[in-house]
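The values are calculated or read from the model by the stated rules, or taken from the named source; none is laboratory data. This structure is a prediction, so every number in the text was calculated from the model and none was measured. Positions of Cβ are backbone-derived with ideal geometry, glycine not excepted, and every protein chain shown enters the neighbour counts. For the accessible areas, the whole protein counts, side chains as well, though only heavy atoms, and no ligand, DNA or RNA atoms are used. Shrake-Rupley method; radii C 1.70, N 1.55, O 1.52, S 1.80 Å.
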Protein chains: 2
Amino acid sequence: MSDPHSTDIAKAAKSAFEQSQLLSAEERIRALQEIQSELAALKDDILAANQEDLKAAEEEVKAGRMSESLLKRLDLNKGDKWDSMLQGISDVASLPDPTGKLTYASELDDNLELYRISCPIGVLLIIFEARPEVVVNIAALAIKSGNAAILKGGKESNRTADLLARAISSGLSKTALPPTYIQTIQTRSEVASLLALDQYIDLVIPRGSNSLVRNIQNNTRIPVMGHADGLCSVYLDESADLQKAIRVVVDSKTDYPSACNSTETLIVHESLLSTIWPAVGKALLAAGVKLLCDPSTLLAISSLTPQPSNFQTHVSPSDASSYAIEHLDLTLSVVALPSLSAAMEFINQHSSHHTDCIVTESESAASAFCRGIDSAGTFVNASTRFADGFRYGFGTEVGISTGKIHARGPVGLEGLVIYKYVLRSKGADGHIAGEFGTGAGKKQFKHKPIEGTSLPF
Amino acid sequence: MSDPHSTDIAKAAKSAFEQSQLLSAEERIRALQEIQSELAALKDDILAANQEDLKAAEEEVKAGRMSESLLKRLDLNKGDKWDSMLQGISDVASLPDPTGKLTYASELDDNLELYRISCPIGVLLIIFEARPEVVVNIAALAIKSGNAAILKGGKESNRTADLLARAISSGLSKTALPPTYIQTIQTRSEVASLLALDQYIDLVIPRGSNSLVRNIQNNTRIPVMGHADGLCSVYLDESADLQKAIRVVVDSKTDYPSACNSTETLIVHESLLSTIWPAVGKALLAAGVKLLCDPSTLLAISSLTPQPSNFQTHVSPSDASSYAIEHLDLTLSVVALPSLSAAMEFINQHSSHHTDCIVTESESAASAFCRGIDSAGTFVNASTRFADGFRYGFGTEVGISTGKIHARGPVGLEGLVIYKYVLRSKGADGHIAGEFGTGAGKKQFKHKPIEGTSLPF
């Protein structure tokens with residue numbers, strides 16, 4: 001399965017991770033500063049390479065083989081993107097260290113102490129889209145959290161990513177961290193080889209489509225923390241307030257339609273078919289949103305007078321598949337259902353468990369929704385667009401996990417650590433298990449919490 | 001991939017999980033009590049079925065197709081096993097509820113509050129050995145943590161497990177929890193079908209050999225929390241104390257050799273070859289341990305005078321494969337290495353990352369070992385046999401995770417939960433994302449921690 005080249009990369013990453021474990025957190029912060037300086041020094045070269053990537057991409061767009069939005073994301077010189085990228089490194093450097101945190105301490109016996117301490121996961125393989133600044137964002141998060149990383153960005157940004165990677169290696173070489181602490185790869189075949197190397201790689205983080213995430217899950221034993229589709233929904237409850245309904249639905253759909261936290265499906269309580277739904281529908285049409293409606297919401301919105309000017313072009317019947325689509329544009333699927341529980345069942349079946357919202361004035365409906373909806377984010381009267389690491393206050397994020405293991409929702413530094421147990425005997429003869437148990441002369445465990453937060457070493 | 005029968009089981013589990021989310025934690029505790037009563041009422045029938053399993057197993061042992069130790073584990077009437085099993089249910093019931101815990105709360109804006117709250121994972125598929133009491137232990141942990149579960153035990157215990165499952169269903173039917181909250185299956189082909197159903201099953205927990213765990217990882221997209229081999233080791237540091245070395249090594253190897261936390265490899269600092277190593281070797285031989293030695297430890301132990309009586313039968317040369325074997329009996333692989341860092345590199349390469357121990361009087365060596373060894377447990381002067389949920393004080397455990405994601409080491413109730421974010425607007429018009437950002441009239445996020453521990457509902 002694995003070629004020697006990929007095995008070398010993976011081995012080097014594991015070895016870099018293991019070597020780095022004896023270094024202090026300060027050394028990792030220093031590495032971030034060195035990388036920032038190297039990037040600043042290489043700015044002209046990097047932006048020149050980015051221009052080449054952009055030119056090649058423009059040809060692709062002209063030939064109809066690439067989307068305009070992908071092209072826009074490639075541009076590292078747009079607005080304040082370059083400065084934000086460098087500032088992001090300082091921001092990550094100044095976040096609290098997620099490693100070395102004591103989360104449990106217990107005295108098992110006189111002079112026998114158990115500690116649970118947060119620590120890095122190990123080697124991360126991170127696969128992401130063609131956004132060159134993400135190389136730097138993710139490298140910073142990996143270094144800050146003490147993980148070695150292998151990064152693979154979209155091929156359209158390869159020239160830029162290559163120079164960014166050189167600046168990162170060059171920054172690392174001025175510190176005690178091995179230069180192979182962060183490595184970049186450029187081809188899918190390298191990814192395929194690395195996926196077989198579960199003895200060296202501890203976690204794969206793919207950011208992209210459902211099919212990318214599923215394809216990776218199908219081809220590796222390594223745990224996968226997937227950032228896949230966001231099929232988010234808003235439910236208008238029986239007791240929904242009209243203004244809140246309009247504001248939350250329109251913002252959830254239109255604020256940035258191509259984002260994963262945009263809403264794709266609107267569920268309307270049947271009692272609102274002739275009241276709130278037509279008003280919400282009118283506002284959505286006014287915002288240029290195309291509506292795919294089930295029979296009852298279609299009938300209800302058809303009675304709007306005067307008929308909105310774009311009604312004929314923007315309103316059409318839905319079918320069963322409409323509710324399984326991440327539109328990523330100004331399209332919204334709409335369905336009416338008879339109850340909160342029917343809505344919850346519908347959402348649990350159709351949503352990608354990213355973020356779902358209820359608009360309601362009822363405390364009990366809000367509570368039931370937040371408990372009953374099995375999603376990373378359950379929102380009350382707030383736009384699904386708030387589901388984001390920056391908006392949550394976590395700083396930059398490595399992705400938004402749609403899985404249910406380890407980390408869920410926006411994943412920042414905390415999602416990149418695990419813990420280990422340290423058991424320390426200070427007894428004169430060490431501690432052995434055979435002395436504990438039931439029966440004459442056997443010792444009993446104390447299991448007495450240790451106060452304070454000091455680490456064993 | 002999946003037959004209709006398995007799909008029904010998985011769908012029923014998911015539906016049971018979703019329905020249960022609106023029930024209180026008290027209802028789950030009541031279910032545990034009802035199950036306990038049902039088991040007590042069915043005791044005679046269950047033990048009769050267990051006798052049948054035992055008889056069939058005895059035939060297998062006679063025919064050489066089953067080990068004596070597997071037979072022993074089948075017996076539900078041995079010692080206080082039955083009573084402990086019932087007591088275990090009460091113990092789990094009385095543990096603190098792992099769900100509904102607030103772990104983060106932040107005010108994003110006036111009247112916009114973000115909460116992170118622990119919640120169940122969803123549907124667990126748990127595969128374990130032929131120990132019938134484990135059906136009950138794991139069902140209790142799943143119910144207490146709010147997860148639905150599908151259980152598959154070793155086929156040798158099928159008759160017993162079937163009746164235990166009936167008692168569990170019968171107990172559940174007296175509560176508001178669906179009777180399909182806990183289901184049992186009996187065949188490998190059902191497991192194979194269920195592994196394809198990642199839309200319904202959220203986590204697979206296989207307890208067993210490395211090959212079982214790898215086989216499951218190779219055949220599913222569902223996350224796997226593996227309880228695989230324990231290839232634990234003890235390292236005798238340059239500064240090791242003689243008595244601690246003897247006590248810790250002998251206990252780690254001999255206290256219960258077939259357990260996953262028993263030690264399989266001893267690493268000796270070269271400076272101890274003519275001092276501590278021969279004494280430790282002598283104690284191991286006296287305890288009946290077979291030693292597989294590398295050339296230098298073999299030479300050193302050969303000079304013992306008088307030669308231990310079992311020297312000829314119990315000491316032999318190791319080869320490279322000796323250090324990759326989980327012996328699970330009174331056999332220990334031994335190697336001498338020139339330094340702490342060489343020992344750490346050796347352990348990181350050979351250990352299964354379960355538990356590794358250093359015997360040392362040096363504070364700096366202990367600290368380096370605990371930081372540098374990438375294992376769930378890093379122990380100082382204490383037997384690897386302490387690596388266990390009960391001994392750690394966590395109560396009963398669902399397994400010992402040798403993975404590095406989600407939960408590591410002994411996994412109790414805390415390892416069976418994840419979290420969700422609840423975002424609640426109390427604003428008069430709800431909250432929309434478009435009002436935040438840079439530029440005139442835009443709002444800024446407050447990100448102000450919310451004091452206290454009260455939940456939003």
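The residues of the stretch B:220-252 that are in contact with an Asp or Glu (Cβ under 8 Å, 6 or more places away or on another chain) and within 11 Å of chain A (Cβ to nearest Cβ), listed by number, are B:Thr220, B:Arg221, B:Ile222, B:Pro223, B:Val234, B:Ala240, B:Asp241, B:Gln243, B:Lys244, B:Arg247. Of all the listed residues (B:Ile46, B:Ile89, B:Ile127, B:Ile121), the sole one being touching a Lys or Arg at 6+ places or on another chain (Cβ under 7 Å), away from chain A (no Cβ under 14 Å), closer than 30 Å to B:Ile9 by Cβ and not hydroxyl-bearing (Ser, Thr, Tyr) is B:Ile127.
May I ask you to verify whether A:Thr254 is open to solvent by 10 Å² or more (accessible area, probe 1.4 Å) and assigned by TED's automatic domain parsing to the domain that holds A:Asp198? The answer is no for A:Thr254. For the stretch B:167-177, the count of residues that are within 25 Å of the chain's Cα centre (by Cα), part of a strand (DSSP E or B) and crowded, with 21+ Cβ neighbours inside 10 Å is zero. Being open to solvent by 10 Å² or more (accessible area, probe 1.4 Å) and in contact with a strand residue (DSSP E or B) (Cβ under 7 Å, 6 or more places away or on another chain) is true of A:Ile127. Filtered by the rule that a residue be open to solvent by 30 Å² or more (accessible area, probe 1.4 Å), in a loop (DSSP other than H, G, I, E, B) and not β-branched (Val, Ile, Thr), the stretch B:292-309 gives B:Ser303, B:Pro306, B:Gln307, B:Ser309.
With respect to the conditions (1) over 21 Å from the mean Cα position of the chain (by Cα); (2) closer than 30 Å to B:Gly427 by Cα, A:Ser189 lacks only one, and its number is (2). Name the residues in the stretch B:336-345 that are open to solvent by 10 Å² or more (accessible area, probe 1.4 Å) and part of a helix (DSSP H, G or I), would you? Within the stretch B:336-345, B:Leu340, B:Ser341, B:Ala342, B:Met344, B:Glu345 meet the criteria.
Scanning the stretch B:317-335 for residues that are open to solvent by less than 40 Å² (accessible area, probe 1.4 Å) and either among the β-branched types (Val, Ile, Thr) or over 27 Å from B:Gly208 (Cα atoms) (or both) yields B:Thr331, B:Val334, B:Val335. Given the criteria in contact with a helix residue (DSSP H, G or I) (Cβ under 6 Å, 6 or more places away or on another chain), farther than 17 Å from A:Arg131 by Cβ and hydrophobic (A, V, I, L, M, F, W, C), does A:Ile29 qualify? Criteria met by A:Ile29. In the stretch B:265-274, the qualifying residues are those that are of a type outside the set (A, V, I, L, M) and in contact with a helix residue (DSSP H, G or I) (Cβ under 8 Å, 6 or more places away or on another chain), and the one that is farthest from B:Thr402 (Cα to Cα) is B:Ser274.
What tally of residues in the stretch A:31-77 results from selecting those that are part of a helix (DSSP H, G or I) and either open to solvent by 80 Å² or more (accessible area, probe 1.4 Å) or not assigned by TED's automatic domain parsing to the domain that holds A:Thr175 (or both)? So the count comes out to 13. Filter the stretch A:167-190 for residues that are over 16 Å from A:Ile89 (Cβ atoms) and touching an Asp or Glu at 6+ places or on another chain (Cβ under 9 Å); which is nearest to the other protein chains (Cβ to nearest Cβ)? So, considering only residues that are over 16 Å from A:Ile89 (Cβ atoms) and touching an Asp or Glu at 6+ places or on another chain (Cβ under 9 Å), the one nearest to the other protein chains (Cβ to nearest Cβ) is A:Ala176. Selection of the stretch A:253-272 for residues being more than 13 Å from chain B (Cβ to nearest Cβ) and at pLDDT 95 or above yields A:Glu264, A:Thr265, A:Leu266, A:Ile267, A:Val268, A:His269, A:Glu270, A:Ser271, A:Leu272.
Those strands (runs of 3 or more DSSP E) of the stretch B:84-138 in which 1 or more residues are among the hydrophobic types (A, V, I, L, M, F, W, C) and within 30 Å of B:Leu71 (Cα to Cα) occupy B:123-127. Quickly run through the stretch B:276-311 and pick out the residues that are at negative phi, in contact (Cβ under 8 Å) with a residue 12 or more places away in the chain and of a type outside the set (A, V, I, L, M, F, W, C). Passing the criteria: B:Pro278, B:Gly281, B:Lys282, B:Lys290, B:Asp294, B:Pro295, B:Ser296, B:Thr297, B:Ser302, B:Ser303, B:Pro308, B:Asn310. Scanning the stretch B:191-219 for residues that are in a helix (DSSP H, G or I) and either open to solvent by less than 30 Å² (accessible area, probe 1.4 Å) or within 14 Å of chain A (Cβ to nearest Cβ) (or both) returns B:Val191, B:Ser193, B:Leu194, B:Asn210, B:Ser211, B:Leu212, B:Val213, B:Arg214, B:Asn215, B:Ile216, B:Gln217, B:Asn218.
Look at B:Asp80 and say whether it is surrounded by fewer than 19 Cβ atoms within 10 Å (Cβ to Cβ), at pLDDT below 95 and under 30 Å from B:Ser193 (Cβ atoms).
no
All conditions but one from (1) at pLDDT 95 or above; (2) touching a Gly at 6+ places or on another chain (Cβ under 6 Å); (3) not β-branched (Val, Ile, Thr) apply to A:Gln51; the one that does not is (2). Taking A:Ala259, is it in a helix (DSSP H, G or I) and open to solvent by less than 40 Å² (accessible area, probe 1.4 Å)? No; evaluated as a whole, the condition is false for this residue.
As for the stretch B:3-12, it holds at least one residue that is more than 23 Å from B:Gly154 (Cβ to Cβ) and of a type in the set (A, V, I, L, M).
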